[in-house]
Amino acid sequence: MIKLDTSYSLGSIIESNFLGISNDAEPDNVIVTLSKNMVTCFHMPSQNQVHCWSSSDKLSSGVIFDPSTNCYYGVFNYTRIGKWLRSSLMMKDMKKFNFTAKIIKLLTRLDYKGAVAVFENGHCECLKEAIGNRKKIRDAVINDGETIELAKLCIFRTKAICIIVSVDSKNIKTLRSVPLEDTFLPINLQISFKNKTDKLLGYCVRENSDSLNVLTFWSNGYLYSNELYAETSSNDFPGKQLTEITLVNSKKQVTLIQLSSDCIGLYGAEPKGDGAALVIYNFHYNMVVAVQHFKVYTNPPNLWCFGNHLLLVTGQNLAVIPFTCERNNLSLLMDNNLIKINDKYEETEWDSYAKQKCVDTISTSALSQSKLNEMIITDHINNKKDKSLIRLLVENNDISDTSLVEILSYCSLNITKHSSLLLKLFAYPPLNKPSCLRRQLPFENMLIILNTLYSLMKEKLIEERLVDWMTLMIDCSFQQILLSNDPKVLELIIKVQKDINSKCDYVESVYNTNNTMCVMKSKNINSKKRDGPVNNLYKIETINLY
C-alpha cells in the first residue's frame, strides 16, 4: 500500500513561462524545474538549489541528464539540441546541434542506456543516431494536422518501445507504439469511448515487466484498463472496467500517473468545492487506499513522480509529497473509510456459540481479522484475561482503534494490577482515529493514563512511542484540560513539558558530541602541521529537535 506523508512546498516558483518538471534528469534526489529561459536544479528534501543556468535561447521541452557523459541535453526552439556539462557555470559555451525537423521531446530512463529523440511527425530515434543524421528526412508516424501531447519511453519484455499520443483538430486522441527494435509490431489505437458520449478526462500508460496497459478515466466516473500486446483478443476500447472513483470531479480534467507496479495517482478537482484531491488507487486490492486534499485546484492539474516524491502544482506553488510503499493486511484496508459501502450485503451478529468457536476458526471465518480481534478482546476483558490480551497484542498488528481504547479503559480501572498489559499496549502504535478516544474514555480515566505515561517516561531516557501516546492523550483532552481549572492537572502538564525538554536537550548534546567527533576524525586524516593553535577550526552544525 502507498502511504502519503505530510506535504511541503518547494516555494512559489511557478511563473508565466513555467514549462514544468523534468522527470528524466539526474537521479540522485535532484529535480529540474524548467522555464523558457532557465534551468534550475533543486535537491530534495533539503530544497537547496544545486545548479542554475540561463540562456538567450528558449527551451521548448524537458531537459535530460546523461550520466555516461555527465552532460545535460535540452531542446531549444524545437530545432536545436544543446549539450552542456554538469560542472558548467554558464550555458553560453554549450555545444549546439541544429536540425531541419522539429524535435518535440527527449526521452531517457535509468534502466535504458542512451536517450531517444521524438520528432514532430512522431518519428522516434536514438539521440546519438539523430545527431549524426541531422539532415535526414524521417518518415511520419502520425497524420497531418495531428500534434503530439504525450511521449513516453517504456521497457516491455526487456525491449524499448516509445508510446506517443497525438490529438487532431476534432480533439480525437490516437495512441501509437513505436518499437525502437524490430521485436514488436506498431500499434495504432484510437482513444474513444464505445458509446461516443462519455468524455475522456485523463489517461496514462501503466507498464510492468510482462504487461503494458493504457489506463483511462472518463466522465462517467469509471477507470478502465486496456492491455497492449495482449496474447488473447480483448474487448473493444477502453477495455476492462476497474472501479468507480468518486473522490475527484468527473467534469474537470484529471491527471493520471503510475507510482509503482500496483498503484497509480489521480490528481483533479474535488467533487464539491474549489479544492483539489490526490487519490491513490491500488490495482492489487482494486480500491482507493489513500487521499490527500488541497485548498486550490489548478487547471491543468500537473502531477509528476520523482523517486518517492510526488510533485504537483497547487495555486502558484509547487507542492512536494513524500510517499512510502508499505505492505499491509487487507483487513486494515477493509476498515478504511475510503471504501464505498455496498448496500447489497448485510452485517449479521454471531451467536454466543460462534463467538466461542471463533478463536479456533479465524483462518476459515468470513470476517476480517480486525473484526474477529474486537470480539476476542471484548471477551477477554469481560473474563479479565490479561495474559491472553498481552499475547493478542504481541501476535497481531491489525487491532482496531476501538479495541485499543477499550483496553485502555480496562487498564485505567486498576493501573497496578494491569501494568504489564498497559506496557504492551504502549508498545503498540498510537491510534489512527483519535475521535474514538474522546468518545469512549472519560476525562478522569484519561488523567490516570497520563500520570502512568509520565511515570514510565521518567524511568526511560527517551521512548518515541511513549511520547507519541502522551501527545495523543494531551491533544484529545486539551479542551477538557483548559476547562478543568485544576492546578494538579496544570502541574502535571508542566512536569511533562520540562521532562521532555530536558531529554531532548540531552539527545541534542549527544548528537553534537558525535558530530564533533566525526568532524575531528575527518579533519585529522588530512591534517597539516601548524605553527600554533587556530581558533574556530571546526564548524559544528546543530539540528533543532522539536
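Subtracting the Cα-Cα distance from 0.36 nm times the residue separation, let me have the gained length for SER420 to TYR112 in nm, one decimal.
Working: separation 308, 0.36 × 308 = 110.88 nm, distance 5.57 nm.
Working it through step by step, the gained length comes to 105.3 nm.
Suppose all protein chains stay in the model; what accessible area per residue would a 1.4 Å probe give for region 189-253, in Å²?
51
Probe radius 1.4 Å, ligands and nucleic acids ignored: give me the carbon and sulfur share of the accessible area of region 115-179 as a rounded percent.
Details: 1480 of 3140 Å².
Using a 1.4 Å probe with all protein chains present, region 115-179 comes out at 47 percent carbon and sulfur.
Considering amide H positions built from the backbone, and no H for Pro or chain starts, which residues 5 or more places from ILE257, or on another chain, come under 5 Å of its amide H?
GLY265
At 1.4 Å probe size, what's the solvent-accessible area of HIS418? Round to the nearest 10 Å².
10
What order do LEU389, LEU189, LEU89, LEU423 take when sorted by accessible area (1.4 Å probe), most exposed first?
Final ranking, largest accessible area leading: LEU89, LEU423, LEU189, LEU389.
Express in nm, to one decimal, how much length is gained between LEU189 and TYR229 on full extension, taking 0.36 nm for each residue of separation and deducting their alpha carbon distance.
13.2 nm
Region 219-310: which GluC sites (Glu not before Pro) are DSSP loop and have at most 16 other beta-carbon atoms within 10 angstrom? The partial results should precede the final answer.
Numbers: sites: GLU227, GLU231, GLU244; in loops: GLU231.
Those that pass, being in a loop and sparsely packed, are GLU231.
Test of the criteria: in region 71-173, which trypsin sites (Lys or Arg not before Pro) are in a DSSP loop and have at most 14 other Cβ atoms within 10 angstrom of their Cβ? The partial results should precede the final answer.
Numbers: sites: ARG80, LYS83, ARG86, LYS92, LYS95, LYS96, LYS102, LYS105, ARG109, LYS113, LYS128, ARG134, LYS135, LYS136, ARG138, LYS152, ARG157, LYS159, LYS170, LYS173; in loops: ARG86, LYS92, LYS102, ARG134, LYS135, LYS136, ARG138, ARG157, LYS170.
Those that pass, being in a loop and sparsely packed, are LYS92, LYS102, ARG134, LYS135, LYS136, ARG157, LYS170.
Sketch the reach of a paramagnetic label on LYS272 as a point 7 Å from Cα along Cα-to-Cβ, and name the residues of region 286-317 whose backbone nitrogen lies under 19 Å away.
Once the point is set 7 Å along Cα→Cβ of LYS272, 291-297 turn out to lie under 19 Å by backbone N, inside region 286-317.
How much of the accessible area of region 409-501, in percent, comes from carbon and sulfur atoms when a 1.4 Å probe is used? Before the final figure, lay out the partial values.
Values: 2950 of 5470 Å².
For region 409-501, the apolar C and S fraction of the accessible surface comes to 54 percent.
When averaged across all projection directions, what area in nm² does the alpha-carbon convex hull of region 400-470 cover? Can you show the working numbers first?
Working: hull surface 17.2 nm².
Approximately 4.3 nm², given one-decimal rounding.
Rounded, prolate or oblate for region 105-173? Axes are the square roots of the Cα gyration tensor eigenvalues, ordered a ≥ b ≥ c, and the cut-off for rounded is a/c under 1.5.
Working: a/c = 2.59, a/b = 1.32, b/c = 1.96.
Judged from the Cα gyration tensor, region 105-173 comes out oblate (a/c at least 1.5, b/c at or above a/b).
Which of the residue pairs LYS36/LYS173; LYS173/LYS252; LYS102/LYS199; LYS36/LYS199 have a Cα-Cα distance greater than 29 Å in the structure shown?
In this structure, LYS102/LYS199; LYS36/LYS199 exceed 29 Å between Cα atoms.
Rounded, prolate or oblate: which fits region 196-326 when a ≥ b ≥ c are the square roots of the eigenvalues of the alpha-carbon gyration tensor, with rounded for a/c under 1.5 and prolate only if a/b beats b/c? Spell out each step's value before the answer.
On the way: a/c = 2.07, a/b = 1.36, b/c = 1.52.
The shape class here is oblate.
How high is the FRET efficiency from ASN48 to ASN208, r the C-beta distance, R0 30 Å, rounded to 0.05?
Details: r = 35 Å, r/R0 = 1.17.
Calculated transfer efficiency: 0.30.
Across region 393-503, how many lysine pairs, 8 or more apart or on two chains, come within less than 26 Å at their alpha-carbon atoms?
21
Past the 30 Å Cα-Cα mark, which pairs from LYS135/LYS159; LYS58/LYS128; LYS96/LYS170?
LYS96/LYS170, as the Cα separations exceed 30 Å there.
Rounded, prolate or oblate: which one fits region 113-238, using the alpha carbon gyration tensor with axes a ≥ b ≥ c (rounded when a/c is under 1.5, else prolate when a/b beats b/c, else oblate)?
Oblate shape, in that a/c is at least 1.5 and b/c is the bigger or equal ratio.
Write down the accessible area per residue of region 59-187 in Å², having rolled a 1.4 Å probe over the full set of protein chains.
On the way: 6840 Å² over 129 residues.
Per residue, region 59-187 has 53 Å² of solvent-accessible surface.
The values are calculated or read from the model by the stated rules, or taken from the named source; none is laboratory data. All figures in this text were calculated on a predicted structure; none of them were measured in a lab. Please note: Cβ atoms are built from the backbone with ideal geometry, for glycine as well, and neighbour counts cover all protein chains shown. Accessible surface areas use protein heavy atoms only, side chains included; no ligands, DNA or RNA. Shrake-Rupley method; radii C 1.70, N 1.55, O 1.52, S 1.80 Å.
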